[in-house]
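Some notes on the structure that comes next.
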Amino acid sequence: MKLAEVELRRVRMPMVTPFRTSFGTQASRDVLLVKVVTPDGEGWGECVALDEPVYSSEYVEGAHHVLRTHLLPRLLDAPDVTATSVGPLLRAVKGHRMAKAAVEAAVLDAELRAGGVSLARYLGGVRGAVDVGVSIGIAASVGQLLDSIEGYLADGYRRVKLKIEPGWDVEPLTQVRRRFGDIALWVDANAAYTLADVDHLARLDELGLQLLEQPLPEDDLAGHAELAQRITTPICLDESITSAGSAAEAIARGACAVVNVKAGRVGGYLEALRIHDVCAARSVPVWCGGMLETGIGRAANVALATLPNFTLPGDISASDRYYATDLTEPFVLHDGRLRVPDGPGIGVAPLPDVLSRLTTSVERIGPS
Ligand code: OSB
Ligand code: MG
């Protein structure tokens, strides 16, 4: 396909409840959408970069800038662009995986829509609905935390992942166990601890957690490997896994027993597929992470989670857990699962009236 034009659109999405992590609070998302226009039709991608560079070094204004200035010109000047050629065409630009992932997703969606193939089928999915959980931010009080867990369990979510940080860990988790018994419970620290906290983290072992996600800094694989020797709770990596190569290395070093796969973090759905395969070959289970996506990014995540080694429930909650009004037809929970859209590409598109109401800016970029 030759790209005729690429649209960079910013959409302001107020969140139903502010989402607090060790790195800050998200009360709304400033979402960057990428729409590619080709002679064969359009495709959509969502950039998962947050407002600020606090989860990783990327942030939405930076992603917008690198797309406009460095990434899109390389694609718009190419005579032929397919999803598999986006990576090679953008290879000269270092990093910026979330920005690259968004445009690759849009090209892939356009290609699959034109070919009448769903993303789940293209990736090799094996199920028509995916098990999902819910990720719950740090609460103002233990009482509020317990109330929100009660609500999500009543909705049918298959596991609960709680954000933790020093000062918000053993105590609230003990209360959660006391109140809800043997629920499937995970925790995510977003790199809020250091190896000096090993004795404290070992106290989590009594709580029967299914996993501890990213306790230590992104670049500390050695620390995670050491921690894994000293605690029994399985370690899952999120921020540290940026490619199939880094997944293979983390596993080889004993730094993780489980991998959180986020296409945005690793540069796209094609690299996410390679991570799935690397982990499957080493019998390491994976699950699909989330970045508070709208229905556009969520649809692609649901498709990814249909792959066979996605054996744990994903951070792919229903639309209403995040947004009163989603950009697409809402994703709805059915018995703790989301159904996989079966239309071509990601199978959903923005609802025009909602999109125009929530849009804060639109920029169209053509060939030079
Ligand atoms: O670490 O998994 C994370 C949201 C924003 C940034 C990082 C993370 C998260 C979540 C939310 O945990 C997952 C979701 O989209 O439900
Ligand atoms: Mg995480």
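The values are calculated or read from the model by the stated rules, or taken from the named source; none is laboratory data. Quick caveat, the model's predicted, so the values are computed rather than measured. Don't worry about glycine lacking a Cβ; one is built from the backbone with ideal geometry, like all the others, and counts go over all protein chains shown. These area figures cover heavy atoms from the full protein model, side chains too; ligands, DNA and RNA do not enter into them. Shrake-Rupley method; radii C 1.70, N 1.55, O 1.52, S 1.80 Å.
In the chain, the longest principal axis of the Cα atoms and the axis of helix 142-155 are about 60 degrees apart. The spacing between the range 1-38 and the range 307-340, judged by their C-alpha centroids, is 18 Å. Remark on the range 121-339: hydrodynamic radius 17.5 angstrom, per the Kirkwood mean of 1/r across alpha carbon pairs.
The calculated P(r) of the chain, using every Cα pair and 10 Å bins from 0, goes 5, 26, 35, 24, 8, 2, 0 in percent. For the range 121-339, the relative contact order comes to 23 percent (Cα pairs under 8 Å, sequence separation of at least 6). Heavy atoms of the protein chains alone define the surface here; on that basis the range 246-339 has 29 Å² accessible area per residue at 1.4 Å probe size. Here the range 256-364 is assigned +1 on the Cβ of each Lys and Arg and -1 on the Cβ of each Asp and Glu. Its dipole about the Cα centre then comes out at about 280 debye. The packing ranking of peptides 291-301, 124-134, 45-55, highest mean first, is 291-301, 45-55, 124-134, where packing means the average number of other beta carbon atoms within 10 angstrom of each residue.
Listed here are the pairs 161/262; 100/161; 100/163; 35/262; which of them are more than 18 Å apart at the Cα? Going by Cα-Cα distance, 100/161; 100/163; 35/262 fall outside the 18 Å limit.
Farthest towards the positive end of the charge dipole of the chain, among the residues 325, 273, 81, is the Cα of 81, using unit charges on the Cβ of Lys, Arg, Asp and Glu.
Counting only DSSP H runs of at least 4 residues, each contributing -39500 (n - 2.57), and dividing by the residue count of the chain, the helix-based mean residue ellipticity at 222 nm comes to -10000 deg cm²/dmol.
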